[in-house]
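First up is the structure itself, then whatever we jot down about it.
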Amino acid sequence: MNVDAHHHLWQYSPTKYPWISAAHGAIRRDFTPADLEPLLTACGIDRTILVQTYSSLQETREFLELAARTPFIAGVVGWVDLTGARAAETLRALKAVKGGSKLVGVRHQVHDEADPGWLLRGDVQRSLAAVGQAGLAFDLLVRSRELPAAHDAARRHPEMRFVIDHLAKPPIQQGDASEWKAWMPRMAELPNVYCKVSGLVTEADWKGWTLDALKPYVDRALGWFGADRLMFGSDWPVCLVAASYSQVVAVARDLLRDLPEAERAAIFGGNAAAFYSI
């Protein structure tokens, strides 16, 4: 089973998505399962993980309902208010709605928080514990700045599964990856932390990225986490500002082509299936 472990869907609204500027013209529109399905078929992708796009319980409910009637969506990573006192109750309620059985994880846009230590707040820590107790994974949407807190959070909850989205968005275009290089190996030392090979083309030069520009980051991640804790994700439709769906899949396959077949199969499906229990 080939799994795209990270994609989005949305009904575009400038209010919901203020980060989508004029420069993101390719994605300033709606994206639905009907748009994605033929791309999956063409690339041999069997199942997907649909990931939240903004801080909204309503979106999570809608995604679960959508997953219930969309066979290729195997799991939903939703959003809950981690600063509130009712995370456990909210998660139970979400599991009870139509499609609730497809809730596999929770995510928050941590890299948008002003406080780089946001994950270590007392209220957030209590809610993270509730996520783990519910049997759900947690997606870490962080950059280098938030990696120290992410490391501490994952260390405090060794029973939970964490996955770093987009290799923690290394500064491929900017070039100074010293902080990223310092913290990612420490993240990899924690056995409950995985990493997604996703979102790299949008961290590189959108119009001039090359395989050679991406390869050092993927090679380092492979060396740190190993093939058994990496998983492929397209980050579609965000990737469209820099590459098509088929290009993203082809690039990932090319970057990992020298691995044994069993390790490639794990990164392109097996690891995601086990991590998200799909």
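The values are calculated or read from the model by the stated rules, or taken from the named source; none is laboratory data. What you see is a predicted model; the values in this text were computed from it and never measured. Don't worry about glycine lacking a Cβ; one is built from the backbone with ideal geometry, like all the others, and counts go over all protein chains shown.
General observations
- Near pairs, Cβ below 6 angstrom, 6+ apart or cross-chain, from the range 192-213 (modelled with pLDDT of 95 or more and β-branched (Val, Ile, Thr)) to any residue that is surrounded by 22 or more Cβ atoms within 10 Å (Cβ to Cβ) and part of a loop (DSSP other than H, G, I, E, B): none
- Residue selection: SER127 fails the criterion of being surrounded by fewer than 19 Cβ atoms within 10 Å (Cβ to Cβ), hydroxyl-bearing (Ser, Thr, Tyr) and modelled with pLDDT of 95 or more.
- Positions within the range 52-67 being outside any loop (DSSP other than H, G, I, E, B), buried (at least 18 other Cβ atoms within 10 Å of the Cβ) and in contact with a Phe, Trp or Tyr (Cβ under 9 Å, 6 or more places away or on another chain), in sequence order: GLU59, THR60
- LEU200, sole failed condition from (1) on the phi > 0 side of the Ramachandran plot; (2) crowded, with 22+ Cβ neighbours inside 10 Å: (1)
- Any pair with Cβ under 8 angstrom, 6 or more apart, that starts in the range 218-234 at a residue that is touching a residue at least 12 places away in the same chain (Cβ under 8 Å) and crowded, with 23+ Cβ neighbours inside 10 Å and ends at one that is assigned to a loop (DSSP other than H, G, I, E, B) and not basic (Lys, Arg): PHE232/SER198; GLY233/SER198; GLY233/GLY199; SER234/SER198
- Total residues in the range 191-234 satisfying the condition of being closer than 15 Å to VAL163 by Cβ, out of contact with any strand residue (DSSP E or B) (no Cβ under 8 Å at 6 or more places or on another chain) and assigned to a loop (DSSP other than H, G, I, E, B): the figure is 2.
- Filter result for PRO38 (in a helix (DSSP H, G or I) and surrounded by fewer than 16 Cβ atoms within 10 Å (Cβ to Cβ)): yes
- A single member of ARG156, ARG126, ARG161 is closer than 27 Å to SER277 by Cβ and in contact with a strand residue (DSSP E or B) (Cβ under 8 Å, 6 or more places away or on another chain), and it is ARG161.
- A search for C-beta distances below 7 Å between a residue of the range 153-181 that is within 17 Å of LEU119 (Cα to Cα) and any residue that is among the polar types (S, T, N, Q) and outside any helix (DSSP H, G or I), counting only pairs 6+ apart in sequence or on different chains, returns ALA154/ASN192; PRO158/ASN192; MET160/ASN192; ARG161/ASN192; PHE162/ASN192; ASP165/SER198.
- Residues that are touching a residue at least 12 places away in the same chain (Cβ under 8 Å) and of a type in the set (A, V, I, L, M) within the range 3-29 comprise VAL3, ALA5, LEU9, ALA23, ALA26, ILE27, listed in sequence order.
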